[in-house]
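Visitor: Got a structure for you, written out below as structure tokens; questions coming shortly.
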Amino acid sequence: MTTITLSTALIRLLVSLVLGAMIGSERQLHHHPAGFRTFTLICTASTLAMIVSIYLCQSNTDLLNGDPGRIAASVLTGIGFIGAGLILKGNDGVSGLTTAACIFSCAVIGLAVGAGMLLLSAISAVAVLIILWSSYFTKRKD
């Protein structure tokens, strides 16, 4: 794991911004409730949370229980609440599941970017886009 410096933090935030914007643009283009701004903010904020978590552990070596995973777990808990708010049950069935899953995926991608897993994060973002695009070929939208 590389040391968190200003330059590594900025690179990770920029990568996160691009990946979140890619997924958000697809959702915005197809008029879904959460779009460009939401996904960009979630991905970037998740990255920043992970960067801060790693930085706190590396800069305070006297901490006995320093664990970068704690903040990551809190991010996922918060995202779970956001996702739950997007899922609606109506007479036509359940809607918002894909958007909630995308938000969760975007947050995890952001955490991975913050941890320095840039290639894996980019591959995951492309995989999310392929999955979303595939629904337009099968005529099923949610």
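The values are calculated or read from the model by the stated rules, or taken from the named source; none is laboratory data. Quantities reported herein were computed from a predicted structural model and do not represent experimental measurements. Ideal geometry is used to build each Cβ from the backbone, glycine not excepted, and the neighbour counts take in all protein chains shown.
Visitor: Which of the following residues is out of contact with any Cys (no Cβ under 9 Å at 6 or more places or on another chain), crowded, with 20+ Cβ neighbours inside 10 Å and without any contact (Cβ under 8 Å) to a residue 60 or more places away in the chain: Ile54, Ile103, Ile4? Let's see the steps before the verdict.
Guide: Numbers: Ile54 fails: without any contact (Cβ under 8 Å) to a residue 60 or more places away in the chain; Ile103 fails: without any contact (Cβ under 8 Å) to a residue 60 or more places away in the chain.
Going through Ile54, Ile103, Ile4 in turn, just one is out of contact with any Cys (no Cβ under 9 Å at 6 or more places or on another chain), crowded, with 20+ Cβ neighbours inside 10 Å and without any contact (Cβ under 8 Å) to a residue 60 or more places away in the chain: Ile4.
Visitor: Is it the case, given these coordinates, that Thr47 is among the polar types (S, T, N, Q) and modelled with pLDDT of 90 or more?
Guide: Values: among the polar types (S, T, N, Q): yes; modelled with pLDDT of 90 or more: yes.
So Thr47 passes the test.
Visitor: Looking at the structure I just gave you, is Leu29 modelled with pLDDT of 95 or more, over 12 Å from the mean Cα position of the chain (by Cα) and loosely packed, with under 15 Cβ neighbours inside 10 Å?
Guide: The answer is no for Leu29.
Visitor: Could you tell me which residue of the stretch 112-136 is surrounded by the most Cβ atoms within 10 Å (Cβ to Cβ), considering only residues that are of a type in the set (Ser, Thr, Tyr) and within 21 Å of Ala45 (Cα to Cα)?
Guide: As a first pass, look at the stretch 112-136 and keep what is of a type in the set (Ser, Thr, Tyr): 121, 124, 134-136.
Now restrict to residues that are within 21 Å of Ala45 (Cα to Cα): 121, 124.
Working: Ser121: 24, Ser124: 19.
Here the answer is Ser121.
Visitor: For residues that are polar (S, T, N, Q) and over 23 Å from Gln28 (Cα atoms), scanning just the stretch 65-103, find the one that is modelled with the lowest pLDDT. I'd like the intermediate steps shown before the answer.
Guide: Looking only at the stretch 65-103, we keep the residues that are polar (S, T, N, Q), and these are 65, 74, 77, 91, 95, 98-99.
The next check asks that each one be over 23 Å from Gln28 (Cα atoms); those that pass are 65, 74, 77, 91.
On the way: Asn65: 64, Ser74: 90, Thr77: 90, Asn91: 77.
So, considering only residues that are polar (S, T, N, Q) and over 23 Å from Gln28 (Cα atoms), the one modelled with the lowest pLDDT is Asn65.
Visitor: Then there is this: So which of Ile42, Ile109 ends up being out of contact with any Ser or Thr (no Cβ under 8 Å at 6 or more places or on another chain), buried (at least 22 other Cβ atoms within 10 Å of the Cβ) and more than 17 Å from Thr2 (Cβ to Cβ)?
Guide: Values: Ile109 fails: out of contact with any Ser or Thr (no Cβ under 8 Å at 6 or more places or on another chain).
Result of the check over Ile42, Ile109: Ile42.
Visitor: How do the pairs read when you match residues in the stretch 60-77 that are small (Gly, Ala, Ser) with residues anywhere that are at pLDDT 75 or above and part of a loop (DSSP other than H, G, I, E, B), using Cβ under 9 Å and keeping only pairs 6 or more apart or on different chains?
Guide: Note: pairs meeting the criteria are Gly66/Asn60; Ala72/Ala115.
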